[in-house]
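A short worksheet on the structure shown next.
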Amino acid sequence: MKKTLFLLLLCCYSLQAHSLKVFVTQESDTFIVYSYFSKSSPCKGCQVTLFDEQGNLFDEGITDASGKSYFKAKKQKFRVIVKASMGHQGESEFSSQNPVSQEEGTLNIFLKGLFAFGVITIFFLFAYFVKRKRD
Amino acid sequence: MHISDGVLSSQILIAGNVIGVGVLLYSFKALQQEKVLLCAVMSALFFMASFIHIPIGPTSTHLLMSGIVGVFLGGGAFLAIFVGLFLQALLFGYGGLSVLGINLLIIATPSLLAYFLFQFKCKSPFKQAIISFLMGALPVLFSALLLSFTLAINSEEFLSVAYLSFFSNIPVMLIEGVFMVFIMNYITKVSPKLLERR
């Protein structure tokens, strides 16, 4: 009985070693999907698909030799499914904390930039008068 | 170079924000009245630099200009960079509001290197160019190291992302080093008073 239980646990552990882990990070306006079986075994050439909250496919790609694939940030929240050979599959959900704009117009960026310069001006004018008052 | 919201653990966030507030208060207190305008200009420069993207393979990175901010402001760089980071997070989603403290420490702390290097004056133009290059490149290098270290201590799973973050900033390091050589050369000719050592 103990032998059977031990063998069962061993099987479960080795199954876990073959599970596909999927990991998503965001760097500026790029999502990085990283998948691996173990640290020394990245999921190379695996199919990566991204689904929005409604379940619609909006992007897909293939992982590179290091198990990574890169996507331009298009959606705030999405689900990623990575499919490897022999039926291995892993998935993860990701929610970006940063606002993901679909396509920001040049005018919009320009206005935001002007606003930012305005804020910088006002802030340092305030700092100037505070320093002047102290002196 | 910016870490986004939701990546770091709460312990690192809290520690980073507490230290960040401390250095900010010190930076504001130490800022002299005659330096406020320069601080505003440097803050605007830092803000604009993030829009200059450098494509690197599948991803991209951006200029920092923390070296030049450090040269002109010294400890005041923390205030200038903080304002830039805050506006970037608020308006364009670069980085995040909860990670402001960490991002500030990652980017602004190495800028002090540029300030210390600036104190060395060489008569040889070649040696001066080398120092100028290091003033631009080393802050980026150490920011990349700090970024990688922060990601690595956050979680083991971030190790590969940490390596990627480090190596993707090497071109930025080289570009900023070259920029700094030209900038310092130009300012020496046009307005040498700005480069008076203090």
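Where residues in the stretch B:1-15 are in a helix (DSSP H, G or I) and surrounded by fewer than 18 Cβ atoms within 10 Å (Cβ to Cβ), which of them is nearest to the other protein chains (Cβ to nearest Cβ)?
Among them, the one singled out is B:SER10.
Inspect the stretch A:101-123 for any residue being of a type in the set (Ser, Thr, Tyr), part of a helix (DSSP H, G or I), at pLDDT 90 or above and under 25 Å from B:HIS2 (Cα atoms) and give the result as yes or no.
Looking for residues that are of a type in the set (Ser, Thr, Tyr), part of a helix (DSSP H, G or I), at pLDDT 90 or above and under 25 Å from B:HIS2 (Cα atoms), one finds at least one in the stretch A:101-123, hence yes.
Inside the stretch B:16-25, can you point out the residues that are touching a residue at least 40 places away in the same chain (Cβ under 8 Å) and either within 14 Å of chain A (Cβ to nearest Cβ) or small (Gly, Ala, Ser) (or both)?
Answer for the stretch B:16-25, where residues must be touching a residue at least 40 places away in the same chain (Cβ under 8 Å) and either within 14 Å of chain A (Cβ to nearest Cβ) or small (Gly, Ala, Ser) (or both): B:GLY16, B:GLY20, B:LEU24.
I'm told B:VAL71 meets every condition in (1) closer than 28 Å to A:ILE109 by Cα; (2) crowded, with 24+ Cβ neighbours inside 10 Å; (3) more than 11 Å from every other protein chain (Cβ to nearest Cβ) except one. Can you identify the failing condition by its number?
Exception for B:VAL71: condition (1).
Within the group B:LEU38, B:LEU85, B:LEU31, which residue is buried (at least 21 other Cβ atoms within 10 Å of the Cβ) and within 10 Å of another protein chain (Cβ to nearest Cβ)? Explain how you work it out, then say what you get.
Working: B:LEU38 fails: buried (at least 21 other Cβ atoms within 10 Å of the Cβ); B:LEU85 fails: within 10 Å of another protein chain (Cβ to nearest Cβ).
Result: B:LEU31 is the single residue among B:LEU38, B:LEU85, B:LEU31 that is buried (at least 21 other Cβ atoms within 10 Å of the Cβ) and within 10 Å of another protein chain (Cβ to nearest Cβ).
Residue by residue, here is whether (1) of a type in the set (S, T, N, Q); (2) assigned to a loop (DSSP other than H, G, I, E, B); (3) more than 14 Å from chain A (Cβ to nearest Cβ); (4) within 30 Å of B:SER160 (Cα to Cα) holds:
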position	(1), (2), (3), (4)
B:LEU45	no, no, no, no
B:PHE51	no, yes, no, yes
B:PRO55	no, no, no, yes
B:THR61	yes, no, no, yes
B:SER98	yes, yes, no, yes
B:CYS122	no, yes, yes, no
B:MET135	no, no, yes, yes
B:LEU141	no, no, yes, yes
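For residues that are over 20 Å from B:GLY101 (Cα atoms) and assigned to a helix (DSSP H, G or I), tally how many sit in the stretch B:16-43.
7
Report yes if A:GLU93 is more than 22 Å from B:SER165 (Cβ to Cβ) and part of a loop (DSSP other than H, G, I, E, B), otherwise no. So that I can check it myself, show each step before the final result.
Working: more than 22 Å from B:SER165 (Cβ to Cβ): yes; part of a loop (DSSP other than H, G, I, E, B): no.
No: the conditions fail for A:GLU93.
In the stretch B:58-77, which residues are touching a residue at least 12 places away in the same chain (Cβ under 8 Å) and more than 21 Å from B:SER132 (Cα to Cα)?
The answer is B:THR59, B:THR61.
Run down B:LEU90, B:LEU112 and say which single residue is at the interface with another protein chain (Cβ under 9 Å from one of its Cβ atoms), farther than 25 Å from A:PHE23 by Cβ and out of contact with any His (no Cβ under 6 Å at 6 or more places or on another chain).
Result: B:LEU90 is the single residue among B:LEU90, B:LEU112 that is at the interface with another protein chain (Cβ under 9 Å from one of its Cβ atoms), farther than 25 Å from A:PHE23 by Cβ and out of contact with any His (no Cβ under 6 Å at 6 or more places or on another chain).
Of the residues B:LEU117, B:LEU113, B:LEU90, B:LEU104, which is surrounded by fewer than 24 Cβ atoms within 10 Å (Cβ to Cβ), within 15 Å of B:LEU146 (Cβ to Cβ) and hydrophobic (A, V, I, L, M, F, W, C)?
On inspection, the qualifying residue turns out to be B:LEU113.
The values are calculated or read from the model by the stated rules, or taken from the named source; none is laboratory data. Fair warning: this is a prediction, and the values are worked out from it, not measured in the lab. Here Cβ is always computed from backbone atoms with ideal geometry, including for glycine, and neighbour counts include all displayed protein chains.
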